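These notes concern the structure reproduced below.
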Amino acid sequence: MGRFLTILVAAGALAACATPVPTPASEGARVDAPAAETLDPQPRVAPVPQPPERPAAPAPVVDPDIPQPQREAAFVAYAAATWGVSPDAVRAALAQAKYQQSIVDAMNRPAEKVKSWAEYRPIFLTDRRIAGGVAFLAQHRDELARVSDATGVPPEYIVAIIGVETSYGAITGKYRVLDALYTLAFSYPKRAPFFAAELAHLFALGQEEGVDVSTLRGSYAGAMGWGQFMPSSWRHWGRDGDGDGRRDLLGKPEDVFASIANYFVAHGWERGGPVVARADLAPGVEEFRPERSPEPVYAVEDLIARGYAPRAGERVPGPGHGATVFAFDGAEGREHWLGFRNFYVITRYNHSPMYAMAVHQLAQAIRAGSDAAP
């Protein structure tokens with residue numbers, strides 16, 4: 001990202017003042033002396049361009065008021081008409097698919113919604129996971145370097161995604177993907193349009209890649225392989241990294257690395273750009289909660305003027321570049337961060353800001369460990 005500034009400034013120097021509004025104790029905010037009112041920044045940086053939204057399954061497939069046999073029949077017609085898959089093959093697969101209550105239970109308890117950052121971070125930032133990432137990077141250094149040179153995505157971020165998602169390919173999921181997507185398409189109404197569409201993509205993927213979909217294993221949400229790609233993501237952004245004519249994301253390193261990097265590039269990754277910068281919020285200034293977080297649609301200088309002073313040594317893009325702000329309750333108290341374009345891109349892989357921060361901090365730890373290795 002062009003020119004970067006190293007910010008070394010006292011927290012109050014650029015801070016505008018605000019009349020603090022008391023916030024719940026659980027948010028960790030501390031109110032100091034009253035100050036003059038300030039206006040929140042307004043979005044004035046263009047959003048990061050994104051791929052088109054993937055179409056959801058139509059109402060006859062997902063309307064819970066329609067009996068399930070009729071919805072399944074509508075699904076067969078939808079999958080065949082949309083992707084050209086064999087109706088008989090789809091019917092046969094649905095006949096052997098099994099509802100799994102444990103999948104619905106798991107969907108209702110994602111870790112990001114029940115844990116604070118102080119609890120969430122230690123799950124992924126462990127000595128073992130960092131060491132595993134350093135070893136994984138060393139093992140695949142040449143393949144990762146080729147992908148990074150071609151895409152601009154640093155090797156450590158590709159490795160960190162694999163580390164967070166599957167512990168470097170060790171834990172790719174125990175559920176049959178057919179069962180997971182079947183369960184969520186027909187028995188999880190609030191996300192059924194998405195998961196029914198993914199189930200249709202699964203049949204199309206099986207046809208394109210010559211894979212028996214009944215044999216595939218993955219997460220409770222139907223994600224597969226080292227990088228935990230959903231069927232539509234595999235089809236849209238999967239890449240043949242070794243030139244053998246197939247996109248094998250279940251364990252072929254070259255294909256996995258190329259596909260993760262391509263996913264980042266397709267969602268706006270900026271070669272050489274920063275991800276986040278730790279900031280200090282000026283005393284007495286109320287936290288800014290962007291309506292469009294984590295989109296980096298605020299000018300970085302507006303956020304600095306609002307009271308978010310980057311800490312010494314942090315890489316921050318120059319004036320006019322996009323940013324956002326977010327806060328976590330960490331082990332040592334409230335943490336304030338500026339997030340940039342590449343942070344937003346990581347949230348396209350998983351929309352949780354805590355997930356994106358775990359990937360970033362694991363990547364940084366892996367890079368540091370790799371650089372220090374003999």
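The values are calculated or read from the model by the stated rules, or taken from the named source; none is laboratory data. Treat the numbers as computed from the prediction; the structure is a model and nothing was measured. Cβ sites come from the backbone with ideal geometry, for glycine too, and all protein chains shown count toward neighbours.
State all residues of the stretch 84-132 that are crowded, with 16+ Cβ neighbours inside 10 Å, touching a Leu at 6+ places or on another chain (Cβ under 8 Å) and over 23 Å from Ile158 (Cα atoms); if no residue qualifies, say none.
Once the filter is applied, which keeps residues that are crowded, with 16+ Cβ neighbours inside 10 Å, touching a Leu at 6+ places or on another chain (Cβ under 8 Å) and over 23 Å from Ile158 (Cα atoms), the stretch 84-132 yields Ala93, Ala97, Ile103, Met107.
If you go through the stretch 311-332, how many residues are within 18 Å of Arg289 (Cα to Cα) and not polar (S, T, N, Q)?
Count: 8.
What pairs come out if I take residues in the stretch 320-331 that are within 18 Å of Thr347 (Cα to Cα) and pair them with residues that are among the aliphatic types (A, V, I, L, M) and part of a loop (DSSP other than H, G, I, E, B) whose C-beta lies under 6 Å away, six or more apart or interchain?
Gly322/Val45; Gly322/Val297
Just give me the residues in the stretch 46-73 being in a helix (DSSP H, G or I) and exposed (fewer than 11 other Cβ atoms within 10 Å of the Cβ), in sequence order. Can you show your working first?
First, pick out the residues of the stretch 46-73 that are in a helix (DSSP H, G or I): 59-62, 68-73.
Within the stretch 46-73, just Pro69 meets the criteria.
Tell me which of these Gln228 doesn't satisfy, since it passes every other one: (1) within 16 Å of the chain's Cα centre (by Cα); (2) surrounded by 21 or more Cβ atoms within 10 Å (Cβ to Cβ); (3) within 30 Å of Asp88 (Cβ to Cβ).
The one condition Gln228 does not meet is (3).
Which numbered condition trips up Asn262, out of (1) polar (S, T, N, Q); (2) buried (at least 22 other Cβ atoms within 10 Å of the Cβ); (3) under 30 Å from Phe136 (Cα atoms)?
Just one mismatch for Asn262, condition (2).
On the given criteria, is Arg235 basic (Lys, Arg), surrounded by fewer than 20 Cβ atoms within 10 Å (Cβ to Cβ) and in contact (Cβ under 8 Å) with a residue 60 or more places away in the chain? Show your work before the answer.
On the way: basic (Lys, Arg): yes; surrounded by fewer than 20 Cβ atoms within 10 Å (Cβ to Cβ): yes; in contact (Cβ under 8 Å) with a residue 60 or more places away in the chain: no.
So Arg235 fails the test.
List the pairs whose first member sits in the stretch 140-155 and is at positive phi, whose second member is modelled with pLDDT of 95 or more, and whose Cβ atoms are under 8 Å apart, counting only residues at least 6 apart or on separate chains?
Listed pairs, sorted by first residue: Gly152/Val265; Gly152/Trp269; Gly152/Glu270; Gly152/Arg271; Gly152/Gly272.
How many residues does the stretch 210-225 contain that are touching a residue at least 60 places away in the same chain (Cβ under 8 Å) and either assigned to a loop (DSSP other than H, G, I, E, B) or buried (at least 20 other Cβ atoms within 10 Å of the Cβ) (or both)?
Of the stretch 210-225, the ones touching a residue at least 60 places away in the same chain (Cβ under 8 Å) are 213-214, 220-221.
With the extra rule that they be either assigned to a loop (DSSP other than H, G, I, E, B) or buried (at least 20 other Cβ atoms within 10 Å of the Cβ) (or both), the set shrinks to 213, 220-221.
Residues in the stretch 210-225 being touching a residue at least 60 places away in the same chain (Cβ under 8 Å) and either assigned to a loop (DSSP other than H, G, I, E, B) or buried (at least 20 other Cβ atoms within 10 Å of the Cβ) (or both): 3 in total.
Take the conditions farther than 24 Å from Asn108 by Cβ, at pLDDT 95 or above and either part of a helix (DSSP H, G or I) or more than 21 Å from the chain's Cα centre (by Cα) (or both) and apply them to Asp179. Does it pass? Step through it out loud before you land on a result.
Numbers: farther than 24 Å from Asn108 by Cβ: no; at pLDDT 95 or above: yes; either part of a helix (DSSP H, G or I) or more than 21 Å from the chain's Cα centre (by Cα) (or both): yes.
Criteria not met by Asp179.
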